[in-house]
Amino acid sequence: MSGATERHTIVALVQDQPGVLNRVSSLFRRRGFNIASLAVGQSEQPNLSRMTFVVEGDIATMEQVTKQLNKLIEVIKVSELVEEEIVAREVALIKVRATPTTRSEIIQLVNIFRANIVDVGPQSLIIEITSGEDKIDAMYNLLRPFGIREVMRTGRIAMARSASETRAERPRGDTPTPTKNGAEHEQTQVPYG
Amino acid sequence: MKLTGAQIVCESLLRENVDVVFGIPGGAILPLYGAMPEYPQLRHILVRHEQAAAMAADGYARVTGKAGVCMATSGPGATNLVTGIASAQMDSIPIVAITGQVPRAAIGKDAFQETDMTGITLPVTKHNYLVMSAAEIPQAIKDAFYIANTGRPGPVLIDIPKDVLLNDEAEFSYPDDVDLPGYKPTMDGHPSQIQKAAQLIAEAKRPIILAGHGIIISRAYQEVLELAERAQIPVVTTLLGISSFPSEHFLNVGMPGMHGMAYASMAINESDLLISLGMRFDDRVTGRLSDFAPNAKVVHIDVDPSEISKNVKATVPIVGDLKRVLQALLPHVEPAVHAEWVQQVEDMRVEHPSHRIRETDKLLPQYILRTLSDVTDGNALVVTGVGQHQMWAAQHCRFKNPNSLITSGGLGAMGFEVPAAMGAKVGAPDKVVWSIAGDGGFQMTLCDLATCAENNIAVKFAIMNNGYLGMVRQWQDFFYNKVYTATSYSANPDFVKLAEAYGIPGIRVTDKSQVESSIRQAMMEPGPVVVDFLVEPEENVFPMIPAGESLSEMLEEPDQVPAFQASNEGIAT
């Protein structure tokens, strides 16, 4: 398996049942797939959740990731999204040291990044930023000189743009659309013929 | 009327046409055993170790095509099933394992005999369930059997807390349909892909069919035979594909790979088209992937999309049930003659006769297996353990009927031979079932001789007794400077006396001249028999392609080993 290692975004619709997250994470661990982030939440359909994965690997690895995910009984649908055709966001909470002398400078940065200050303490601020990963990284790097106390990031969530819902899903030539539930195999011993 | 969880399990199993279950009771599953006398149609076979329950269910499933069922109590009972479940997962065998769990209120409290069975079996089952109320049992069992039997078959475990079995009650009605929105195996191949495959077959000059276990699972013998004959394509059978194609057919080239026939591996090497049917390019088949079939395009047909292009890139992938795909493919396949190619393969067979057994008065296991095959006229069901005897059986047994070799191929679980043969005999009581064992593997599961004796399960056990863990010793011989650590069984029991202790006749064979008569004598016995063959102790399996190597590193004969060792100083395989 060769090819360039890149980050890929995969979205899976899964049944909301106990243990489903364990099945998915166990699969990634066992097969040695390199997961950069994983975010889970309710979907628009009752009892179904949506998971967004960012996975590192080449095209052949991504093919295995989507196929292996599809094999899990509780996974309803798996789509690999094309980067240019999606809206992707991540939320980060950043607790940064803020003294009376640095506070206004931090507030300026927050405004430039269109982030929010969601908590103010005597020695620190909590900043909430919803954005792409690069912008969060940029903000993080600018805040670092002030003294970062704590960071919490949700991992990417992603959705295909309305205009490109079908285009955004990477086609898989060799995995035909599944048909209806297959009939059970014949259960009789038959001769070679 | 409301039924208890235990009654609901029994009712549901009957709805799935279960007639036999293999198991051992214990605290957490006792309520289920308590209900069983109300359901005499469910025959319970009490085994002596839970591993045997899972492996017997495996053997039963392979011969009947129905899911085999095993049961165990929570904790150690359930964990003992795991090796058998893992073997079934690797070999795509439908089994349903039902385990008792500690009562709901005790789960997560490290209660006595509590283990997280859904957690433990998660990577070695196709799916599993922890059922938390009696009302959920019917749907879980319905879905479990459906998942186990369809698509690429596999094991499913259902874990049920004791109090759900004992105290919890529900109205029983068995569902007509499964509730599995995320499970829809692709059964029919894509028509345009099938066209492309037919095109490649028409263009091929040196095609090979790689016949795998999928042929047996989908019972596609007739279709494969038709394909091979119509386009005159030599057939190479993987370990689990043996008996998917008649052994004596002139197009059958035998098993390839690590211990396969040299000419089968050579044919793959020379081929310009591999038609891979229900097989998964295991490393024992391919060796080093970069050197595997360098000139071949690949048509890969498998029901599991994740197997396609996992190890070997498919030129034309087709996902679907093999029988249905081949039925759709055959009308597009033009009759062809590949006389030159077939002759080329035949020449390789003549020049590299790895199927030949050397002339000697010594008691060779190869000779025993060939004789056994001859005496049974290729009609026996052969169940093997894992190791040298397994490879010799694969090399030297001939089969007239499909689905006649049962072996733990993927997991390679020693000890499989005793319980799997037992399950196979229960599933096919009219068949002659020979269990081929090594003295190592046999001692891992021989406690279930008692089960055979108790239930008169007439398996014929043949032990290729060399007093060694033979295959491990062979690796030490070839790759670990002949440092034979921990592979000698210097204090084996007297297997004849041991058999007699179990109430089973035992026969000892020490000389080549006794082989045929002892096999005949064993088959005259109405019940189980143990035949202890004291074989040539230091015989090795040839040919051998060392792990991770390719055809050019094949050791065809013993005299090639020293040269290989000299050029691979410090090899770690």
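Scan segment B:223-235 and report the pairs whose first residue is under 15 Å from B:Gly212 (Cβ atoms) and assigned to a strand (DSSP E or B) and whose second residue is polar (S, T, N, Q) and open to solvent by 10 Å² or more (accessible area, probe 1.4 Å), with Cβ atoms within less than 7 Å and a gap of 6+ or a chain change.
B:Val235/B:Asn252
Among (1) open to solvent by 40 Å² or more (accessible area, probe 1.4 Å); (2) within 28 Å of A:Ala138 (Cβ to Cβ), where does A:Ala39 come up short?
(1)
Could you figure out which of (1) more than 10 Å from chain B (Cβ to nearest Cβ); (2) touching a residue at least 40 places away in the same chain (Cβ under 8 Å); (3) in a helix (DSSP H, G or I); (4) under 14 Å from the mean Cα position of the chain (by Cα) isn't true of A:Ser25?
The single condition A:Ser25 does not satisfy is (2).
Is it fair to say B:His249 is within 20 Å of B:Ser309 (Cα to Cα), open to solvent by 10 Å² or more (accessible area, probe 1.4 Å) and within 14 Å of chain A (Cβ to nearest Cβ)?
no
Quick one: in segment B:182-200, of everything that is free of Cβ contacts under 8 Å to residues at least 12 places away in the same chain and closer than 26 Å to B:Ala61 by Cα, which residue is surrounded by the fewest Cβ atoms within 10 Å (Cβ to Cβ)?
Step by step, filter segment B:182-200, then rank; the result is B:Lys184.
What is the number of the single condition among (1) under 17 Å from the mean Cα position of the chain (by Cα); (2) more than 17 Å from B:Ile308 (Cβ to Cβ); (3) open to solvent by less than 10 Å² (accessible area, probe 1.4 Å) that B:Leu240 does not meet?
(3)
Can you name every residue in segment A:55-71 that is touching a strand residue (DSSP E or B) at 6+ places or on another chain (Cβ under 6 Å) and of a type in the set (A, V, I, L, M, F, W, C)?
A:Val55, A:Met62, A:Val65, A:Leu69
What strands (runs of 3 or more DSSP E) completely inside segment A:89-161 contain at least 3 residues that are outside the structural domain of A:Ile10 (by TED's automatic domain parsing), within 20 Å of A:Phe53 (Cα to Cα) and more than 23 Å from the chain's Cα centre (by Cα)? Walk me through how you get there before you give the answer.
Values: elements: A:116-120, A:124-131, A:148-153, A:157-160.
Answer list for segment A:89-161: none.
Within the group B:Glu226, B:Glu203, which residue is out of contact with any Gly (no Cβ under 6 Å at 6 or more places or on another chain), within 14 Å of another protein chain (Cβ to nearest Cβ) and surrounded by fewer than 24 Cβ atoms within 10 Å (Cβ to Cβ)?
B:Glu226
Take the residues of segment B:164-181 that are closer than 28 Å to B:Gly84 by Cβ and open to solvent by 30 Å² or more (accessible area, probe 1.4 Å): which is modelled with the lowest pLDDT?
B:Asp179
Would you kindly identify the helices (runs of 4 or more DSSP H) lying entirely within segment B:288-398 that contain at least 2 residues that are open to solvent by less than 20 Å² (accessible area, probe 1.4 Å), under 20 Å from B:Ile233 (Cβ atoms) and in contact (Cβ under 8 Å) with a residue 60 or more places away in the chain?
Of the helices (runs of 4 or more DSSP H) lying wholly inside segment B:288-398, those with at least 2 residues that are open to solvent by less than 20 Å² (accessible area, probe 1.4 Å), under 20 Å from B:Ile233 (Cβ atoms) and in contact (Cβ under 8 Å) with a residue 60 or more places away in the chain span B:322-329, B:339-351.
So which pairs qualify, if the first residue must be in segment B:90-110 and within 20 Å of B:Gly154 (Cα to Cα), the second must be open to solvent by 50 Å² or more (accessible area, probe 1.4 Å) and not β-branched (Val, Ile, Thr), the Cβ gap must be under 6 Å, and the two must be at least 6 apart or on different chains?
Qualifying pairs under 6 Å: B:Met90/B:Leu411; B:Ser92/B:Arg152.
Could you tell me which residue of segment A:54-72 is nearest to the other protein chains (Cβ to nearest Cβ), considering only residues that are more than 30 Å from B:Val178 (Cα to Cα) and open to solvent by 10 Å² or more (accessible area, probe 1.4 Å)?
Filtering first and then ranking leaves A:Ala60.
Residues to consider are B:Lys184, B:Lys196; find the one that is within 13 Å of chain A (Cβ to nearest Cβ) and under 19 Å from B:Ala293 (Cβ atoms). Outline the logic, then answer.
Values: B:Lys184 fails: under 19 Å from B:Ala293 (Cβ atoms).
The unique qualifying residue is B:Lys196.
All but one of (1) within 14 Å of another protein chain (Cβ to nearest Cβ); (2) part of a helix (DSSP H, G or I); (3) touching a residue at least 40 places away in the same chain (Cβ under 8 Å) hold for B:Leu157, so report the exception by its number.
Of the numbered conditions (1) within 14 Å of another protein chain (Cβ to nearest Cβ); (2) part of a helix (DSSP H, G or I); (3) touching a residue at least 40 places away in the same chain (Cβ under 8 Å), the odd one out for B:Leu157 is (2).
I need the full set of residues from segment A:29-53 which are more than 14 Å from chain B (Cβ to nearest Cβ) and assigned to a loop (DSSP other than H, G, I, E, B), in order please.
Hit for segment A:29-53 is A:Glu44, nothing else.
What is the residue count in segment B:105-154 for residues that are within 11 Å of chain A (Cβ to nearest Cβ), among the small types (Gly, Ala, Ser) and surrounded by fewer than 20 Cβ atoms within 10 Å (Cβ to Cβ)?
1
Given B:Thr485, B:Thr510, which one is open to solvent by 70 Å² or more (accessible area, probe 1.4 Å) and farther than 16 Å from B:Gly438 by Cα? Lay out the reasoning, then the answer.
Working: B:Thr510 fails: farther than 16 Å from B:Gly438 by Cα.
Testing whether each residue is open to solvent by 70 Å² or more (accessible area, probe 1.4 Å) and farther than 16 Å from B:Gly438 by Cα leaves just B:Thr485.
I'd like the full set of residues that are touching a helix residue (DSSP H, G or I) at 6+ places or on another chain (Cβ under 6 Å) and more than 15 Å from A:Ala158 (Cα to Cα), limited to segment A:2-26.
A:Gly3, A:Val14, A:Ser26, listed by residue number.
Might you check whether a residue that is in contact with a helix residue (DSSP H, G or I) (Cβ under 8 Å, 6 or more places away or on another chain), more than 27 Å from B:Met90 (Cα to Cα) and among the acidic types (Asp, Glu) occurs anywhere in segment B:334-346? Steps first, answer last, please.
Just the residues of segment B:334-346 that are in contact with a helix residue (DSSP H, G or I) (Cβ under 8 Å, 6 or more places away or on another chain), to begin with: B:334-336, B:344-345.
Filter once more, keeping what is more than 27 Å from B:Met90 (Cα to Cα): B:334-336, B:344-345.
Applying the additional criterion that residues be among the acidic types (Asp, Glu) yields B:334.
Checked segment B:334-346: at least one residue is in contact with a helix residue (DSSP H, G or I) (Cβ under 8 Å, 6 or more places away or on another chain), more than 27 Å from B:Met90 (Cα to Cα) and among the acidic types (Asp, Glu).
On the basis of being under 30 Å from B:Asp430 (Cβ atoms), open to solvent by less than 50 Å² (accessible area, probe 1.4 Å) and assigned to a helix (DSSP H, G or I), does B:Val515 make the cut?
When the stated conditions are applied, B:Val515 passes them.
Considering only residues that are in contact with a strand residue (DSSP E or B) (Cβ under 9 Å, 6 or more places away or on another chain), outside any loop (DSSP other than H, G, I, E, B), closer than 24 Å to B:Gly412 by Cβ and open to solvent by less than 20 Å² (accessible area, probe 1.4 Å), which ones fall in segment B:78-104?
Across segment B:78-104, the qualifying residues are B:Ala78, B:Leu81, B:Gly84, B:Ile85, B:Ala88, B:Ile95, B:Val96, B:Ala97.
Answer with yes or no whether B:Glu553 is open to solvent by less than 70 Å² (accessible area, probe 1.4 Å), closer than 19 Å to B:Gln474 by Cα and in the same structural domain as B:Gln474 (by TED's automatic domain parsing).
No.
When B:Ala197 is evaluated against the numbered criteria (1) within 28 Å of the chain's Cα centre (by Cα); (2) small (Gly, Ala, Ser); (3) outside the structural domain of B:Thr73 (by TED's automatic domain parsing), which criterion, by number, is the only one it fails?
(1)
Look at segment A:73-82 and say how many of its residues are facing chain B (nearest Cβ under 7 Å) and either in contact (Cβ under 8 Å) with a residue 40 or more places away in the chain or on the phi > 0 side of the Ramachandran plot (or both).
Residues in segment A:73-82 being facing chain B (nearest Cβ under 7 Å) and either in contact (Cβ under 8 Å) with a residue 40 or more places away in the chain or on the phi > 0 side of the Ramachandran plot (or both): 3 in total.
The values are calculated or read from the model by the stated rules, or taken from the named source; none is laboratory data. Worth saying up front: this structure is predicted, and the values here are computed from it rather than measured. A quick note on method: Cβ atoms are made from the backbone with ideal geometry, for glycine too, and the neighbour counts reach across all protein chains shown. All accessible areas refer to the heavy atoms of the entire protein, side chains included, with ligands and DNA or RNA removed. Shrake-Rupley method; radii C 1.70, N 1.55, O 1.52, S 1.80 Å.
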